[in-house]
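Working notes, structure below.
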Amino acid sequence: MMTKKNKQDNEVYILGSEIKEKRKGLTTRVKWLILTICSLIILASLLFFFLTKEQAPEYYFEPEETTSESISITIDTISSPSKEGYIEVLSDTINDVPLLIYIPNGATMSLSLGMPDRSDSSILYAAMAADIRKDNQKIVGDFVLSGEQLSKGVAKKGFCAIQDKTVSIGVGEYTPLLEQVIANKGSFFRQYPLVQNGELVENKPKNKSIRRALAVRNEQVMMIESRNNESFHDFSQALIDIGVSDAIYLVGGNAFGWYHNKEGVLQEFGEELSDVPENISYITWHSK
């Protein structure tokens, strides 16, 4: 038979067990609460990082650690046997990549904003230069026209500087040529780098498209276009294989442009836009 003392002892034991269980449950809930709070803090930090991180913009015409290096070519060395300039067009195929090569003769290069006048017979070649954003149609990257800087940024690290009759092509987030161009009322734009000192430069976009380049081969500036849709990698490799030492991109795809061949016949490429963006830019080669 259970005595009164034993009964009290049992009651105390049971009460202690309940306290221990409550404390254990409380400790578990506290642990889960701390874990939940920590998880929320980590998620909030990740969300803040991705929201504040600069996102690559979607470009209007095509859906991209280096040191600054450039090569300068004086266009005045390009002579023409005839009185009027022209564009020599060559075709070549390298590693199953067919190319069209446009070589200016008796011409100088300039940068313009807006659609050039197609009826201007002095324009021997015209192709879109800098890209623009699809969302706000602003020019992508540093852009200088006649010494006035109209846009800033290094989303694309390739660049072209034009001062008088000298064209410089290079790669780098910073280049002293930008300040020189502004001081000397020259022009400057940025694009994807393709080839630097004979080495291929990789770019982020992996899609295939008609590709165009402003390139230097044997110290001569020229434009090169793929006849088929190509990746950046294959196009850049083809440029190297035909002897290009340096090259940056020109807007490819269906971007509209034209040239006059040796016979003076106007040839067009791409598709003409019915609604031309305000900030569209072109490189143009003019008769001297």
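Placing dummy labels 7 Å off each Cα toward the beta-carbon, the span from Ile240 to Leu90 is 2.0 nm.
Region 88-120 and region 217-268 have Cα centres spaced 7 Å apart. Express the C-alpha Rg of region 144-260 as a ratio against the empirical globular expectation 2.2 N^0.38 Å, rounded to two decimals. For region 144-260, the normalised Cα radius of gyration comes out at 1.05. Considering only Gly147, Ala183, Ala161, and ranking their Cα positions along the charge dipole of region 141-185 that arises from unit charges at the beta-carbon of Lys, Arg, Asp and Glu, the one farthest toward the positive end is Ala161. In a simple Cβ point-charge model (Lys, Arg +1; Asp, Glu -1; nothing else charged), region 148-231 has a dipole of about 380 debye relative to its Cα centre. Between Trp32 and Val276, what FRET efficiency comes out of the Förster formula 1/(1 + (r/R0)^6) with R0 = 51 Å and r the beta carbon distance, rounded to 0.05? After rounding, the FRET efficiency stands at 0.25. Between Arg118 and Lys134, the contour length at 0.36 nm per residue exceeds the Cα-Cα span by 3.3 nm.
How large a share of the accessible area of region 90-248, in percent, is made up of carbon and sulfur atoms when the probe is 1.4 Å and the other protein chains stay in place? Carbon and sulfur: 43 percent of the exposed surface of region 90-248.
Packing, taken as the mean count of other beta carbons within 10 Å per residue, orders the peptides 275-285, 91-101, 34-44 from highest to lowest as 275-285, 91-101, 34-44. Here region 96-194 yields Rg over Rh of 0.98, to two decimals, using C-alpha coordinates and the Kirkwood radius. Above 13 Å, the calculated P(r) of region 222-276 contains 68 percent of its Cα-Cα pairs. Here the 3J(HN,Hα) profile of region 194-205, calculated from phi with Karplus coefficients 6.51, -1.76 and 1.60 at θ = phi - 60°, is 10, 9, 9, 6, x, 10, 6, 10, 6, 10, 5, x Hz, Gly and Pro shown as x. Taking every C-alpha pair closer than 8 Å and separated by at least 6 residues, the mean separation divided by the residue count of region 71-216 gives a relative contact order of 21 percent.
For Tyr174 and Lys208, the FRET efficiency from 1/(1 + (r/R0)^6), where r spans their Cβ atoms and R0 equals 30 Å, is about 0.40.
The values are calculated or read from the model by the stated rules, or taken from the named source; none is laboratory data. This is a predicted model, so every value here is computed, not measured. As a convention, Cβ positions derive from the backbone with ideal geometry for all residues, glycine included, and neighbour counts pool all protein chains shown. Ligands, DNA and RNA are excluded from the accessible area calculation, which covers all protein heavy atoms including side chains. Shrake-Rupley method; radii C 1.70, N 1.55, O 1.52, S 1.80 Å.
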